[in-house]
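Participant: Handing you a structure now.
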Amino acid sequence: MNDKNNRSDSNEPRIDAEDILAGVLEWVGIESPSHDAAAVNRMADRVQHDMGSIGAHVERIPGIDGFGDLLKARTPWGGDGPGILVLSHIDTVHPIGSIDSILPVRREEDRVYGPGIYDMKGGAYIAYYAYRHLVRMGVETPLPITFLYVPEEEVGSPTSREIIEREALGNKYVLVTEPARDGGKIVTSRKGVADFHLTAKGRPAHAGARHEDGRSAIREMAKQILRLEEMTDYERGISFNVGMIEGGTGINVVPAQCTIHVDMRVPDEATQNEMCQRVLGLTAFDEDVELEVTGGMNRPPYKKDEKIASLFEHAKTLAAEIGFELEDVEITGGGSDGNFTAALGVPTLDGLGADGHGAHSDYEHIYYSSLEPRTKLMLRLLQTLT
Ligand SMILES: [Zn+2]
């Protein structure tokens, strides 16, 4: 136990797991699927109120392209200089009503279930609580802190990316409150993520009377799919997933069109360049079929460079002082907004949120026991980074 935070002085604010959980559950209670701007804005209202009521300077940037608003909250201390950027998202993948049907809030021993509790309302609240603790203690941090609440991370942050990158470049460190992994590990590297769309255009014909005149776009695409999937190379950390397909107009028509959507993950920039070139350079097997390839990187690879490694070592030392061993995951295939900030060379630690399991599923939950140590780690990071 950290004796500084647990003196018997009864008036001193404490970091209390029940208190943290109560706050997390209030945020979880406001359902906020990415594509429902009104719902995400209800969540933004709540965060704006909570941050504002403890003295943060809150700026609300109106949503665009049908997404919710983005919130930026800054400590009243530290001026305009570069400091710490704490990155959270307030959207979830769970549709409205999940909380009343497939994913009700419930506690079963150490597990606490709820929509988005793990990804990432738990983590977003932990950072809020750590900041609130500082305010209640009357303690300022050496660096100013900017909190960013992104409304559409779960769909790739299309409208927030620019703001995230601008804020990252204006700060010295980025702390991302995405969920912890595999028994409390944090994230210091992530694969890059690309989306590609391939469209084959063949020639339609009657499947019975004039079969030989047709050029099947589906047949062409079937070959392309196998070629793409075969580019998966686990040893090199490369994966391809053809996740969606559409094509054809009728069982008795040689299909003139077929489109696929492809997700690619790569571990580093060299591999990214090599594989993007290969995909964008694909040509049709059948010379009578036209193949169009579009798309590219959505999130660049987040690589554990020296600065990230030393930031991790610092966090590890703080965790040991608090009383637990902090590890990082090897490399994760899941992207986050941390990819954007790390790729700009700003030291980024990710996965600082609550530990748990089942992100994006109907059994999504956090481990209650992780709330207190994670909050303390966030607090100590905010207090010690200079
Ligand atoms: Zn997330």
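The values are calculated or read from the model by the stated rules, or taken from the named source; none is laboratory data. As the structure is a prediction and not an experimental result, all values here were calculated from the model. Every residue, glycine among them, receives a Cβ derived from its backbone with ideal geometry; neighbour counts consider all protein chains shown. These area figures cover heavy atoms from the full protein model, side chains too; ligands, DNA and RNA do not enter into them. Shrake-Rupley method; radii C 1.70, N 1.55, O 1.52, S 1.80 Å.
Participant: Among the listed residues Arg215, Arg236, Arg210, Arg278, which satisfies the condition of being at pLDDT 95 or above, over 30 Å from Ser189 (Cβ atoms), open to solvent by 80 Å² or more (accessible area, probe 1.4 Å) and not small (Gly, Ala, Ser)?
Facilitator: Exactly one of Arg215, Arg236, Arg210, Arg278 is at pLDDT 95 or above, over 30 Å from Ser189 (Cβ atoms), open to solvent by 80 Å² or more (accessible area, probe 1.4 Å) and not small (Gly, Ala, Ser), namely Arg210.
Participant: List every residue pair whose Cβ atoms lie under 6 Å apart, where the two residues are 6 or more positions apart in sequence or sit on different chains, the first residue falls within the range 279-305 and is touching a residue at least 12 places away in the same chain (Cβ under 8 Å), and the second residue, located anywhere, is part of a strand (DSSP E or B) and open to solvent by 60 Å² or more (accessible area, probe 1.4 Å).
Facilitator: Glu290/Lys201; Thr294/His197; Gly295/Asp195; Gly295/His197; Asn298/Asp195
Participant: Kindly indicate whether any position in the range 131-138 is away from the ligand (no atom under 16 Å from the Cβ), among the hydroxyl-bearing types (Ser, Thr, Tyr), closer than 23 Å to Gly351 by Cβ and open to solvent by 10 Å² or more (accessible area, probe 1.4 Å).
Facilitator: no
Participant: While we're here: If you scan the range 158-178, which residues turn out to be under 16 Å from Asp350 (Cα atoms) and touching a helix residue (DSSP H, G or I) at 6+ places or on another chain (Cβ under 8 Å)?
Facilitator: Correct list: Ile164, Glu165, Ala168, Tyr173, Val174, Leu175, Val176, Thr177, Glu178.
Participant: Quick one: count up the residues across the range 30-45 that are over 16 Å from the mean Cα position of the chain (by Cα), crowded, with 23+ Cβ neighbours inside 10 Å and among the small types (Gly, Ala, Ser).
Facilitator: Residues flagged as over 16 Å from the mean Cα position of the chain (by Cα), crowded, with 23+ Cβ neighbours inside 10 Å and among the small types (Gly, Ala, Ser) within the range 30-45 amount to 1.
Participant: State whether the residues of the range 146-153 include one that is assigned to a strand (DSSP E or B) and open to solvent by 40 Å² or more (accessible area, probe 1.4 Å). Walk me through it before giving the result.
Facilitator: To start, the set of residues in the range 146-153 that are assigned to a strand (DSSP E or B) comprises 146-150.
Applying the additional criterion that residues be open to solvent by 40 Å² or more (accessible area, probe 1.4 Å) yields none.
Looking through the range 146-153, none of the residues is assigned to a strand (DSSP E or B) and open to solvent by 40 Å² or more (accessible area, probe 1.4 Å).
Participant: How many residues, within the range 187-204, are away from the ligand (no atom under 16 Å from the Cβ) and either open to solvent by 30 Å² or more (accessible area, probe 1.4 Å) or among the charged types (D, E, K, R) (or both)?
Facilitator: Number satisfying all stated conditions: 5.
Participant: If Glu18 passes every condition in (1) outside any loop (DSSP other than H, G, I, E, B); (2) within 19 Å of Pro151 (Cβ to Cβ); (3) of a type in the set (Asp, Glu); (4) open to solvent by 40 Å² or more (accessible area, probe 1.4 Å) but one, which one does it miss?
Facilitator: Only one criterion is unmet by Glu18, namely (2).
Participant: For the range 56-117, please list each of the strands (runs of 3 or more DSSP E) lying entirely inside it that holds at least 2 residues being open to solvent by less than 20 Å² (accessible area, probe 1.4 Å).
Facilitator: Numbers: elements: 57-61, 70-74, 84-89, 106-108, 111-113.
Counting at least 2 such residues, we get 70-74, 84-89, 111-113.
Participant: List, please: which pairs have Cβ atoms under 6 Å, are six or more places apart or on different chains, and start with a residue in the range 232-249 that is in contact (Cβ under 8 Å) with a residue 60 or more places away in the chain and end with one that is crowded, with 16+ Cβ neighbours inside 10 Å?
Facilitator: Gly237/Pro267; Ser239/Arg265
Participant: Let me ask something else about it. Can you find even one residue in the range 139-147 that is within 25 Å of Ile61 (Cα to Cα) and either within 16 Å of the ligand (Cβ to nearest atom) or within 15 Å of the chain's Cα centre (by Cα) (or both)?
Facilitator: Checking the range 139-147: at least one residue is within 25 Å of Ile61 (Cα to Cα) and either within 16 Å of the ligand (Cβ to nearest atom) or within 15 Å of the chain's Cα centre (by Cα) (or both).
Participant: Since Ala320 meets every condition but one in (1) more than 16 Å from the ligand (Cβ to nearest atom); (2) in contact with a strand residue (DSSP E or B) (Cβ under 9 Å, 6 or more places away or on another chain); (3) among the aliphatic types (A, V, I, L, M), which condition does it not meet?
Facilitator: Of everything listed in (1) more than 16 Å from the ligand (Cβ to nearest atom); (2) in contact with a strand residue (DSSP E or B) (Cβ under 9 Å, 6 or more places away or on another chain); (3) among the aliphatic types (A, V, I, L, M), Ala320 misses just condition (2).
Participant: Of all the residues that make up the range 156-186, how many are away from the ligand (no atom under 13 Å from the Cβ), buried (at least 16 other Cβ atoms within 10 Å of the Cβ) and on the phi > 0 side of the Ramachandran plot?
Facilitator: Number satisfying all stated conditions: 1.
Participant: Restrict the check to the range 201-214 and report whether at least one residue is part of a loop (DSSP other than H, G, I, E, B) and closer than 23 Å to Ala315 by Cβ.
Facilitator: no
Participant: Still on this structure, I have one more. Return only the number of the condition from (1) within 16 Å of the ligand (Cβ to nearest atom); (2) over 30 Å from Glu325 (Cβ atoms) that Ile245 does not satisfy.
Facilitator: Going through (1) within 16 Å of the ligand (Cβ to nearest atom); (2) over 30 Å from Glu325 (Cβ atoms) one by one, Ile245 breaks only (1).
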